[in-house]
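See structure below.
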Amino acid sequence: MAEESILSVLMQGVFVQNLILIQFLGLCPFIGVTKDTKSSAGMSLAVIFVVTMASVATYLIYTFLLDPMGLQFLRIISFIVVIASLVQLVEFVLRKMSPAIYRSLGIYLPLITTNCAVLGSVLLNIRAGYDFAQSVTFGLAAGIGFTIVLLIMAGLRERSSFVHVHSSVKGVPHAFFFATLLSMAFVNYFEVIPLGG
Amino acid sequence: MGVWDEFLRGITRDNPIFGLVLGLCPTLAVTTTLENAIGMSAATAFVLICSNVLISTFRKQIPAVVRIPIFIMTIATFVTIISMVMEAYFPSMFAALGVFLSLIVVNCVIMGRAEAYASRNNTLYSFIDALGISAGFLVALGVMGSIRELLGTGEIVTFGYQLISVPIDPVDYMIFPPGAFLTIGVLMMFVNHYKAKKLERGE
């Protein structure tokens, strides 16, 4: 696993191991914010940002602090604290540096702490045994994969909001049926993209 | 409200998956077989019951400003305990649930119950609420797992016992991710239909 090329890790993160459609991580925003394209774009930006930062931070903490001291069992607690404080930090920095971006990301940032996409992808990093460059790439790729799916979904739902369907299908079930079709496409990417090269 | 009603509420009206629509990630990810669904529900139930009891017992001592970090730390501690226990005693289940065992910590059901129920009610009622919600979670995951395993492999095998076997052509897609989305979509459809019917009758 460790000798995987960066490009391969990138493809893995975006398509083959897509966060939402294959790993089932971050389904709450997937159903919650995809009613319109604008809020899903905001959410995706925030996720890309935090996932990438979190993979850097957790890699450093795990490799240089927890692993040498034999404290691997503390990883859940320490990672969730790291992610929560990272989100706070990002919020402070953005508010100071770029109020425009802060206003557009505003309400999505706090939601990310309890978004399993972030914690999930950093835990997957550790399980896969990636090195530093691979971890960062995988984090970024996971964020990009999340964005692609969220935007496709938001587009579909916006378009289909005028379609007449039976009242019991409207809303959440309708979204899940779209997800079924999208997922069918993504589940076959592993045949298209060669791994381990 | 009676204790029994509180318990039943967790299975029906406040069912975490079909009523509150919380905690979808594990519901879709680990329901490839009935066995995994039961294992996941058991682990979640342990964390939910322990955190609800602990938080409701100390609800007067927890300062309101820092309650969210305290809740998260409490939940994370119990998740660490259950994942270590599972790794030691049920290694195959631990491997099957994988990263989702650790992800119980960000399961919105547990955080939601801590915030909405345990921080406002006494220990006994919080315990009953946790039991009810856990039972509701088990029912939802069990139904999902049974449907997917039955259609995906043609039989349901749980802890070494073959419960049911039907002579159908197994559909691999039901075990893969699309099957999960399809199953929950169809189930949600029935739930919506039932709710609408109930509303019409004015209940």
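Condition first: in a helix (DSSP H, G or I) and within 12 Å of chain A (Cβ to nearest Cβ). Now tell me which residues in the stretch B:148-182 satisfy that. Give the derivation first.
At the first step, the residues of the stretch B:148-182 found to be in a helix (DSSP H, G or I) are B:148-153, B:172-174, B:177-182.
The answer is B:D172, B:Y173, B:M174, B:P177, B:P178, B:G179, B:A180, B:F181, B:L182.
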If A:N115 meets every condition in (1) out of contact with any Pro (no Cβ under 8 Å at 6 or more places or on another chain); (2) at pLDDT below 85; (3) polar (S, T, N, Q); (4) under 30 Å from B:T183 (Cα atoms) apart from one, which number is that one? (1)
So, in the stretch A:4-31, how many residues would count as being within 25 Å of B:V105 (Cβ to Cβ), more than 9 Å from every other protein chain (Cβ to nearest Cβ) and in a helix (DSSP H, G or I)? 3
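Matching residues to (1) of a type outside the set (G, A, S); (2) touching a Gly at 6+ places or on another chain (Cβ under 9 Å); (3) on the phi > 0 side of the Ramachandran plot:
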{"site": "A:Q23", "(1), (2), (3)": "yes, yes, no"}
{"site": "A:K35", "(1), (2), (3)": "yes, no, no"}
{"site": "A:G42", "(1), (2), (3)": "no, yes, no"}
{"site": "A:V51", "(1), (2), (3)": "yes, yes, no"}
{"site": "A:A57", "(1), (2), (3)": "no, no, no"}
Against the condition surrounded by fewer than 19 Cβ atoms within 10 Å (Cβ to Cβ), within 14 Å of chain B (Cβ to nearest Cβ) and under 23 Å from A:V81 (Cα atoms), how does A:A185 come out, does it pass? no
Every residue from the stretch B:183-200 that is more than 7 Å from chain A (Cβ to nearest Cβ) and surrounded by 12 or more Cβ atoms within 10 Å (Cβ to Cβ): B:T183, B:V186, B:L187, B:F190, B:V191, B:Y194, B:K195
I'm told B:Y161 meets every condition in (1) loosely packed, with under 14 Cβ neighbours inside 10 Å; (2) closer than 30 Å to A:I20 by Cβ except one. Can you identify the failing condition by its number? (2)
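So which of A:F146, A:F138 is hydrophobic (A, V, I, L, M, F, W, C), at pLDDT 90 or above and farther than 26 Å from B:L22 by Cβ?
Values: A:F146 fails: farther than 26 Å from B:L22 by Cβ.
Sole residue among the options that is hydrophobic (A, V, I, L, M, F, W, C), at pLDDT 90 or above and farther than 26 Å from B:L22 by Cβ: A:F138.
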Cβ-Cβ under 9 Å, sequence separation 6+ or interchain: first residue in the stretch B:13-37 and among the charged types (D, E, K, R), partner in a loop (DSSP other than H, G, I, E, B). Which pairs? B:R13/B:G19; B:D14/B:L20; B:E35/B:F159
Taking the conditions exactly as written (in contact with a Ser or Thr (Cβ under 9 Å, 6 or more places away or on another chain) and modelled with pLDDT under 85), does B:T153 satisfy them or not? no
So, A:G155, is that one farther than 18 Å from A:I80 by Cα and in contact (Cβ under 8 Å) with a residue 24 or more places away in the chain or not? yes
Residue list for the stretch B:90-143, restricted to those being buried (at least 17 other Cβ atoms within 10 Å of the Cβ), modelled with pLDDT of 90 or more and polar (S, T, N, Q): B:S126, B:S134
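Yes or no, residue by residue, for (1) among the small types (G, A, S); (2) touching a Ser or Thr at 6+ places or on another chain (Cβ under 9 Å):
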| position | (1), (2) |
| --- | --- |
| B:T33 | no, yes |
| B:I38 | no, yes |
| B:A45 | yes, yes |
| B:L48 | no, yes |
| B:V53 | no, yes |
| B:T57 | no, yes |
| B:P63 | no, no |
| B:I75 | no, yes |
| B:I81 | no, no |
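The values are calculated or read from the model by the stated rules, or taken from the named source; none is laboratory data. What you see is a predicted model; the values in this text were computed from it and never measured. Glycine also receives a Cβ, built like all others from the backbone with ideal geometry; neighbour counts cover every protein chain displayed.
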